[in-house]
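Visitor: Quick one: structure below, then a few questions.
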Amino acid sequence: MQREGSPFTGVSAVALKEAADHMTSARMHLVMLLVLLTAVGAIYGAIGQIKATVGEDQFLFLRLLTTAKDPLPSFVAFLGFLLPLVSIALGFDAINGEYSRRTMSRILAQPIYRDALLLGKFLGGLIVLAICLVTLWLLMTGMGILLLGLPPSGEEILRGVAYLICSLAYAGVWLAIALLFSTVFRSPATSAMAALAVWLLFAIFWGMLAPLVAGVIAPIDQLDPMTAVHQLELQKSISRLSPNTLYGEMTLALLNPETRTLGLVFMSQLQGALMGAPLPFSQSALLIWPQLAGLVAAMTVVFTIAYVAFQRQEVRA
Amino acid sequence: MSEPVIEARGLTKRYGPVAAVSGLDLTVEAGEVFGVLGPNGSGKTTTILMLLGLTEPTSGTVRVAGFDPFRQPLQVKRRVGYMPDAVGFYDNLSARENLAYTARLSGIPAAEVESRIMEALRKVRLDDVADRRAGGFSRGMRQRLAIAEVLMRQCRVAILDEPTSGLDPQATQELLELIGELRRDGMTIVLSSHLLGLVQTICDRVALFHKGKIGLIGKVDDLAREVLGGAYVVEVEAEGVDVPKTLSGLAGVGRVTPLSGGTFRVDADRDVRPEIARSIVSAGGALRNMAISRSSLDEVYVRYFEQVAHAA
């Protein structure tokens with residue numbers, strides 16, 4: 001049955017209202033404070049480490065983001081861990097919150113489709129995430145310039161922007177997951193717990209599970225060396241089901257320009273390669289293309305599931 | 001009166017094997033106040049949601065303001081204001097901001113938004129708290145804010161689901177007055193309630209729902225006449241005479257039922273007190289007391305479903 005009218009009527013109104021709500025909510029302020037403090041700590045540690053090492057480095061600015069100083073992990077490691085938390089904080093009560101506030105039927109009685117509400121909420125969250133990421137990146141760059149006395153090079157800025165885009169896709173996946181749980185579960189507490197459980201699974205346990213599962217599915221035959229390769233490749237594939245793995249690989253390729261591959265390479269394939277020489281940006285971008293496409297696809301799929309679930313829901317609470 | 005504003009034919013909604021609404025026929029004319037009455041769970045809210053296109057009917061057709069709510073939901077929702085049961089607002093936004101959000105959603109031109117919001121808030125007497133957070137509003141204020149939303153959107157039709165539920169008597173009275181004002185503005189109003197007596201005063205016509213069907217539909221007085229035998233109730237207390245026998249022949253008197261302690265209830269289709277007095281006195285009885293009241297919808301409802309139950 002064909003319906004008349006654009007499903008996008010009202011999307012921008014919903015998105016802007018959601019973004020404004022998030023920017024002023026105490027919850028968001030707390031989470032961002034946590035991110036900001038850890039980020040400043042990590043960068044500060046990295047600067048101390050960089051100052052202590054003597055030696056020329058073409059990409060000193062990128063080292064700012066990737067250098068870890070014990071006991072603090074690097075800025076990128078922090079962000080990979082905490083970005084999902086920010087997304088979950090933004091999305092876990094997006095839909096069920098409207099039911100518990102009893103605003104759902106009133107909003108849906110306005111001349112908009114349900115599509116606009118869900119899409120608007122998703123876009124509103126993405127806007128906030130983008131603003132936060134850009135702010136964070138500018139802050140870190142400024143801190144680097146002040147404390148190192150070095151401006152970033154053009155290539156470093158390019159890589160930094162690419163890193164921001166990847167981070168947004170990564171955060172988008174988690175926002176879609178949070179949105180899905182907020183649609184499926186009627187209680188915000190349940191949906192928050194479910195989203196946090198998935199976050200912990202991927203952030204901490206997935207790395208342990210992947211080798212175990214790969215070992216069970218493809219055991220190594222001592223007499224056949226190819227089985228070891230097979231198992232390793234399977235392990236890689238399994239761990240890449242986690243958005244955290246994909247994000248980690250993208251960060252690696254973008255912020256360590258000397259990264260040449262994200263998978264297994266045979267010695268024969270490395271013939272003629274200058275080990276340790278950096279790749280141009282275009283080659284690094286090529287390297288992460290599958291990962292980025294994978295994240296965007298995951299985001300779309302999860303959002304679609306949430307969309308279908310939401311369309312089938314009865315409005316009356 | 002041109003074509004009806006709301007027209008439903010054979011409307012049915014099933015949740016699994018349970019029919020929440022079955023085979024509903026309903027017509028609401030422009031400019032009237034139509035009451036959808038019935039106990040909880042009788043299908044009122046489901047019917048309203050189907051009129052708005054928020055729930056898809058299992059079968060049947062609906063036209064609202066000439067549009068089909070399932071093919072042209074935006075056209076219908078642009079013309080119909082809806083106030084849900086136990087309406088909610090965004091607690092962290094002020095009354096004005098809450099209305100500004102729905103104004104943007106309903107596509108009101110930006111230049112008009114501010115003036116229309118203030119005018120609507122003034123009409124529901126919330127203009128002095130326009131910038132207070134909706135989180136601090138009482139239930140009555142929320143209901144009035146919801147009415148303000150309908151006013152602001154300048155809808156042709158207002159559908160109010162349980163507008164008076166949970167309100168104290170004064171807030172209820174204020175809300176009923178507001179509904180009266182909406183009607184004077186030329187709006188068609190559909191309101192649902194389980195408090196039958198309360199809304200009978202403002203409704204032109206009512207439909208009594210029972211288990212997903214319309215049991216009775218029509219003007220309150222007509223229904224009372226049909227079911228009770230009259231729109232008026234006279235309580236008669238008399239001695240020394242057989243009251244039912246004396247009154248049964250009188251013109252305009254419906255049925256006579258004994259209450260306690262020599263008191264009788266007489267259903268009549270007009271004020272028949274003089275005739276009753278005359279016939280009791282002329283029969284040699286002593287008339288002690290007599291009081292008249294309008295039949296209430298509650299009685300109609302109870303009596304009607306007693307009859308349905310007896311017939312079954």
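Visitor: Considering the convex hull of the alpha carbon atoms of the stretch B:1-105, report its projected area averaged over all viewing directions, in nm², one decimal.
Guide: So the Cα hull casts an average projection of 8.2 nm².
Visitor: Now for a separate question. With θ set to phi - 60°, apply the Karplus curve 6.51 cos²θ - 1.76 cosθ + 1.60 along the stretch B:167-184 and write out the HN-Hα couplings as whole Hz, x wherever there is a Gly or Pro.
Guide: Per-residue couplings from phi come out as 9, 6, x, 5, 4, 4, 4, 4, 5, 5, 5, 4, 4, x, 5, 4, 5, 5 Hz.
Visitor: So what's the back-of-envelope 222 nm ellipticity for chain B, counting only DSSP H runs of four-plus at -39500 (n - 2.57) apiece and dividing by all residues, rounded to 500?
Guide: -11000 deg cm²/dmol
Visitor: Still on this structure, please answer the following. Taking the stretch A:1-68, which GluC sites (Glu not before Pro) meet the DSSP loop condition and have no more than 12 other C-beta atoms within 10 Å?
Guide: The qualifying sites are A:Glu4, A:Glu56.
Visitor: Can I ask one more? Evaluate 2.2 N^0.38 Å with N set to the residue count of the stretch A:224-267, then give the Cα radius of gyration divided by it.
Guide: After normalising by residue count via 2.2 N^0.38 Å, the value is 1.31.
Visitor: While we're on this one: Given +1 on the Cβ of Lys and Arg, -1 on the Cβ of Asp and Glu, and no further charges, what dipole in debye does the stretch B:6-218 carry about its Cα centre, rounded to the nearest 20?
Guide: 500 debye
Visitor: Follow-up question, since we're still on this one. Which distance in Å, rounded to a whole number, links the C-alpha centroids of the stretch A:64-130 and the stretch B:65-87?
Guide: Taking the Cα centre of the stretch B:65-87 as reference, the centre of the stretch A:64-130 is 30 Å away.
Visitor: Would you work out which of A:Gly48, A:Leu62, A:Gly97 lies farthest towards the positive end of the dipole of the stretch A:22-171? Charges go on Cβ: Lys and Arg +1, Asp and Glu -1.
Guide: Value: A:Gly97.
Visitor: Which net charge results when you count Lys and Arg as +1 and Asp and Glu as -1 among the other residues whose beta-carbon is under 12 Å from that of B:Pro57?
Guide: +1
Visitor: Right, next: What's the center-to-center distance, using Cα atoms, between the stretch A:140-203 and the stretch B:286-312 in Å?
Guide: Each part reduced to its Cα centre gives a spacing of 68 Å.
Visitor: Follow-up question, since we're still on this one. With no solvent and one point per C-alpha, what does the Debye sum give as log10 I(q)/I(0) for the stretch B:43-135 at q = 0.10, 0.12, 0.23 Å⁻¹?
Guide: Debye output, listed in q order: -0.35, -0.49, -1.14.
Visitor: In the calculated pair distance distribution of chain B, what percentage of Cα-Cα distances lie above 24 Å?
Guide: Within chain B, distances greater than 24 Å cover 60 percent of Cα pairs.
Visitor: Kindly provide the pair-distance distribution of the stretch B:66-212 built from C-alpha pairs, with 5 Å bins from 0 and whole-percent values in order of increasing distance.
Guide: 2, 9, 19, 22, 22, 14, 8, 4, 1, 0
Visitor: Let me ask something additional. Wrap a convex hull around the Cα atoms of the stretch A:91-165, take a quarter of its surface area, and give that in square nanometres.
Guide: One quarter of the hull surface, i.e. the mean projection, equals 7.1 nm².
Visitor: Once phi is turned into ³J(HN,Hα) by the Karplus curve 6.51 cos²θ - 1.76 cosθ + 1.60 with θ = phi - 60°, what whole-Hz value does each residue of the stretch A:171-176 show in order, with x for glycine and proline?
Guide: 5, x, 4, 5, 5, 5
Visitor: Turning to a different aspect of this structure: Using only C-alpha atoms and all pairs of different ones, pull out the Kirkwood radius for the stretch A:20-145 in Å with one decimal.
Guide: 16.8 Å
Visitor: Have a look at B:Ala110, B:Ala95, B:Ala134 and tell me which one the Gaussian network model of chain B (Cα, springs below 10 Å) gives the largest fluctuation.
Guide: Of B:Ala110, B:Ala95, B:Ala134, the most mobile in the Gaussian network model is B:Ala110.
Visitor: Using modelled backbone amide H atoms (1.01 Å from N, in-plane), which distant-in-sequence or interchain residues come within less than 5 Å of B:Gly254's amide H?
Guide: HN-HN under 5 Å from B:Gly254: B:Asp267, B:Ala268, B:Asp269.
Visitor: Which values, in whole Å and largest first, are the semi-axes of the equivalent ellipsoid of chain A obtained as the square root of 5 times each eigenvalue of the Cα gyration tensor?
Guide: Semi-axes (√(5λ), whole Å): 38, 26, 18.
Visitor: Looking at the stretch B:6-218 only, what percent of DSSP beta bridges run antiparallel? Nearest 5 please.
Guide: 50 percent
Visitor: Kindly state, as a whole number, the per residue volume in cubic angstrom of the convex hull around the alpha carbon atoms of the stretch A:233-302.
Guide: Looking at the stretch A:233-302, the number lands at 90 Å³ per residue.
Visitor: Which of B:Phe70, B:Phe34, A:Phe205, A:Phe181 comes first, and how do the rest follow, when ranked by fewest Cβ neighbours within 10 Å?
Guide: With the sparsest Cβ surroundings first, the list reads A:Phe205, B:Phe70, B:Phe34, A:Phe181.
Visitor: Another question, then. In Å and whole numbers, how far do the C-alpha atoms of the stretch B:193-260 stretch along each principal axis, longest first?
Guide: The principal-axis extents, from largest down, are 47, 24, 22 Å.
Visitor: Using the C-alpha gyration tensor of the stretch A:181-280, what are the square roots of 5 times its eigenvalues, in whole angstrom, with the largest one first?
Guide: So the equivalent ellipsoid measures 34, 22, 8 Å along its semi-axes.
Visitor: Nothing charged except the Cβ atoms of Lys and Arg (+1) and of Asp and Glu (-1): what's the magnitude of the dipole of chain A about its Cα centre? Round to the nearest 20 debye.
Guide: Computed charge dipole of chain A: roughly 1000 debye.
Visitor: Can you compute the helix-only [θ] at 222 nm over chain A? Use -39500 (n - 2.57) per DSSP H run of at least 4 residues, normalise by all residues, nearest 500 deg cm²/dmol.
Guide: -24000 deg cm²/dmol
Visitor: In addition: Would you mind giving the mean number of other chain beta-carbons within 10 Å of the Cβ of each residue in B:79-90, as a whole number?
Guide: What the average comes to for B:79-90 is 5.
Visitor: Still on this structure: Quick check for chain B: number of Lys pairs with alpha-carbon distance under 15 Å, counting only pairs 8 or more apart or on different chains?
Guide: The number of close lysine pairs in chain B is 5.
Visitor: Moving on to the next point. For a bin width of 20 Å, list the pair-distance distribution of the protein assembly as shown built from all Cα-Cα distances, rounded to whole %.
Guide: Pairs per bin, as whole percents: 16, 36, 25, 15, 6, 2, 0.
Visitor: Of all the C-alpha pairs in the stretch B:209-312, what % are more than 17 Å from each other?
Guide: Within the stretch B:209-312, distances greater than 17 Å cover 53 percent of Cα pairs.
Visitor: Here's another thing I want to ask about it. If you rank B:Val206, A:Val265, B:Val241 by fewest surrounding Cβ atoms within 10 Å, what's the result?
Guide: Neighbour counts put them in this order, fewest first: A:Val265, B:Val241, B:Val206.
Visitor: What share of all Cα pairs of the stretch A:42-109, in percent, falls into each consecutive 5 Å distance bin?
Guide: 3, 16, 16, 12, 10, 7, 6, 6, 7, 7, 5, 3, 1, 0
Computed from the coordinates by the stated procedures, all read-outs in this text should not be read as laboratory data. If you're wondering where the values come from, they're calculated on a predicted model, not measured in any experiment. Methodologically, a virtual Cβ is constructed for each residue, glycine included, from the backbone with ideal geometry; neighbour enumeration extends over all protein chains shown.
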